Amino acid sequence: VRAVDGAGNIGPEARRTVRVSARRAPQLPEPAPKLERDSGPLPSLSQVRVAIVDTLGEVHPVSRELIPKHAPQYLAANHLWNASQKRIRLFAARNEFVDFQVVLAGQPRSLRASLDFAEQGSKPAVAWGRYWNVSSKDGPMPDPIVPLEALADEPQQNAAVRELRLTSLLCEIYVPHDARPGAHPGTLRLRMDDQALELEVVLEVWDFTLPDFLSFLPEMNCYGLPDSEREYYRLAHAHRTVVNRVPYSQTGTVADGCAPPWDGQRLDWSAWDRRFGPYFDGSAFADLPRRNVPIECFYLPLHENWPTKIRDAYNGGYWADRAFGPGYREAFVEVSRQMVAHLAERGWRETIFQGFLNNKIDFKRNGWSRGSSPWLFDEPANFQDYWALRYFGEAFHEGVVEAQGSGPQGPKACFRADISRPEWQRDTLDRVLDYCVVNAGSLRRYNRLVIDRKEHLGQIVLDYGSTNAIEQSNMQPVGWCLDSWCLGSDGVIPWQTIGNEQSWKEADPLALFYPGQLVGSDHPIPSVRLKAYRRGQQDVEYLTLLGQVLKEPRWAIGESVRAEIGLKARRRGTGAAGEDAGIVEYADLMPEKAWAVRVRVGRAISALHPAPKRKLVDLRTPPRSRTPDSP
């Protein structure tokens, strides 16, 4: 090794002998499942032809183009379906959702759909939805999944409705915790007018259970929620994801009720506890599949403009530790202390409570009052930005340590930052940053740097980006989850996820949750892309469990999976103004590839009959017994 400086001077040679590990990544369990190849004629119902495809495979409702691209015979024979035998085959663990898409070529009228399993006792639960079309640059494309009551003559979804040549239904099956392992025969019945069509369904339930507590977090970031707030948290929970709302704006205004009132001495918790407490003790989710499991993460309202107004304390300084008058930092520390002490008193120990600064000085370009931040807290670019994050992170930790002491049972209080340039960070955030959210492109380009920090400093690491556009392959969230986990991350974050009324009219890549009023629902409506995140999360649970039962490290399992599926990520911009989160695409990832790996892994785990665990991985940093300045 010889050092070279910027002027090209080469230093003296140094030598050292090292021994490289001989360990190799294991091959994935064999054999690979065989795909159906017998492409017989499609069955029909009153002149409407019926096909079964993967939930995440799109069929254009006008052109009938398959996305991702497949040969036409895919509609008659694929990894789920054999048209000549009229048979659908499915595999699932206990506590898992599995689903499929029913494609109806023609104009169905007053359609009724049902799926019944034969056995008595604890049966898989079945729910039906229909793919609703939204106008996109490629014409009408399906994305919202509207609950199916009756599919009468198709309602006016968009201007091109009369051109639609097919409709799709979603059949969703949940396998309960106490389902018996083995084959569960069922019958799918479609009825229209006085005609009926029956298809055979074989659900193979494996002898293991997915955990209730998530080992990998698809975090649904957002900047506001409608009045039906709780239903958004519940919908995310049911899809094995977690809604996380930034509780303040770029002007530093905290949203109504998102911070307990502060009188300069004490916090008033009464209203805040009533509103958010059921998320932290799990009671808001008592009737859902992962019953009584609290939400995984939650933004605290602490930031540069709360609890103290920054304009009252900021002196215009360049460096954060010299920029404030007396009392500003002390209030931040004291509120941090009172918050963590209160969370401990209430026994809310499972949610990761995040101290997080999201605002940017960039918003002041159109007037100093347009933003409350003198620095780039979100995606820092200059050294003083990182230094400012350190200043607030140390103040946050000082309050946490005062509240927790050295006890191991305190709340999971973490300092979080979103970093787009980890290569510029140096050591400014070492032993301060607990929850590192890194740009998806940077996680791949600087993977060794990010993961070394994670392992050395005990961090939680997630990568952020955007979700695929409606007219693109819905396998993107699955590929992102798998790829991210294989590279050492603990979750993924689409940076915005909540749609609005306009999202029903024009394709909105950011709308993973749709407001339900347009279709007469008081509850939000999930997108098929939200279900793709659930599929990716469940697939990661398979890989986590495989590593545990085989006693293999994550890197080894991850290397094998990436090679097997061909996870080749390509990052591109989305055209967003300012800092573009970008999107990582997986153009070569096909539904049948991910399915085949999942089936191989599932069979291998099932053969070992692991005992159920509610929690496979505890996502938290080690308890902090240090002061912020200690080594």
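If R0 is taken as 30 Å, the Cβ-Cβ distance between A125 and R614 corresponds to a FRET efficiency of 0.90. Phi angles of the stretch 168-177 translate, via the Karplus equation with coefficients 6.51, -1.76, 1.60 and θ = phi - 60°, into HN-Hα couplings of 10, 10, 10, 9, 10, 10, 10, 9, x, 4 Hz per residue; Gly and Pro are given as x.
Give me the net charge for the shell around N305: Cβ to Cβ below 15 angstrom, other residues only, Lys and Arg +1, Asp and Glu -1. With Lys, Arg at +1 and Asp, Glu at -1, the neighbours total +3. Here the chain has 49 percent of its accessible surface on carbon and sulfur atoms, given a 1.4 Å probe and all protein chains in place. Once the Cβ-Cβ distance of R349 and Q47 is raised to the sixth power relative to R0 = 41 Å, the FRET efficiency obtained is 0.10. Give me the net charge for the shell around Y74: Cβ to Cβ below 11 angstrom, other residues only, Lys and Arg +1, Asp and Glu -1. Every neighbour counted, the sum reads -1. Just add up the charged neighbours of D287: K/R +1, D/E -1, any other residue whose Cβ is under 15 Å from the Cβ of D287. Here the charged neighbours net out to +1. Of the peptides 474-482, 593-601, the order by per-residue mean of other Cβ atoms within 10 Å, starting with the highest, comes out as 474-482, 593-601. Between helix 591-608 and the chain there is an angle of about 80 degrees, using the helix long axis and the longest principal axis of the Cα atoms.
Axis of helix 476-486 versus longest Cα principal axis of the chain: the two differ by about 50°, to the nearest ten degrees.
Once the Cβ-Cβ distance between R603 and A14 is put in as r, and R0 is 56 Å, what FRET efficiency do you end up with, to the nearest 0.05? That pair, R603 with A14, gives E of 0.65. In the context of the full set of protein chains, residues of the stretch 550-612 present 49 Å² of accessible surface per residue (probe radius 1.4 Å, heavy atoms only). Projecting label points 7 angstrom from Cα along Cα→Cβ for H177 and S63 puts them 4.7 nm apart.
Note that the stretch 1-142 presents 53 Å² accessible area per residue, ligands and nucleic acids not counted, probe 1.4 Å. With a cap of 11 neighbouring Cβ atoms within 10 Å, and only residues DSSP puts in a loop, list the trypsin sites (Lys or Arg not before Pro) found in the stretch 1-68. Within the stretch 1-68, the qualifying trypsin sites (Lys or Arg not before Pro) (loop, at most 11 other Cβ atoms within 10 Å) are R15, R16, R19, R23, R24, K34, R37. Taking Cα centre as origin and charging only the Cβ of basic (Lys, Arg, +1) and acidic (Asp, Glu, -1) residues, the dipole magnitude of the chain rounds to 1440 debye. One Cα centroid belongs to the stretch 178-234, the other to the stretch 517-537; the line between them spans 12 Å.
Report the antiparallel proportion of the DSSP beta bridges in the chain as a percent, rounded to a multiple of 5. Percentage antiparallel, nearest 5: 65.
Short version: ³J(HN,Hα) in whole Hz for each residue of the stretch 330-340, in order, from phi by Karplus 6.51 cos²θ - 1.76 cosθ + 1.60 (θ = phi - 60°), x for Gly and Pro, what are they? Along the stretch 330-340, the couplings run 4, 5, 4, 5, 5, 5, 4, 5, 5, 4, 5 Hz. Using a 10 angstrom Cβ neighbour count of at most 15 plus a DSSP loop assignment to flag exposed GluC sites (Glu not before Pro), which longest range of the chain is free of such sites? In short, 150-631. Between E501 and R570, the modelled label-to-label distance comes to 3.9 nm, taking each label 7 Å out from Cα in the direction of the beta carbon. Length available on full extension from F213 to A25: 0.36 nm per residue minus the Cα-Cα distance, which gives 64.9 nm. Computed extension gain for W555 through D256, at 0.36 nm per residue and net of the alpha carbon distance, reaches 103.2 nm.
In the context of the full set of protein chains, residues of the stretch 364-507 present 33 Å² of accessible surface per residue (probe radius 1.4 Å, heavy atoms only). Largest to smallest in accessible area, the residues Y446, Y533 fall in the order Y446, Y533 (1.4 Å probe, all protein chains included).
Looking at the stretch 105-264 alone, DSSP beta bridges between its own residues are antiparallel in about 90 percent of cases.
The values are calculated or read from the model by the stated rules, or taken from the named source; none is laboratory data. In this text, all values refer to a predicted model and were calculated from it rather than measured experimentally. Heads up, the Cβs are rebuilt from the backbone with ideal geometry, glycines too, and the neighbour counts pull from every protein chain shown. For the accessible areas, the whole protein counts, side chains as well, though only heavy atoms, and no ligand, DNA or RNA atoms are used. Shrake-Rupley method; radii C 1.70, N 1.55, O 1.52, S 1.80 Å.
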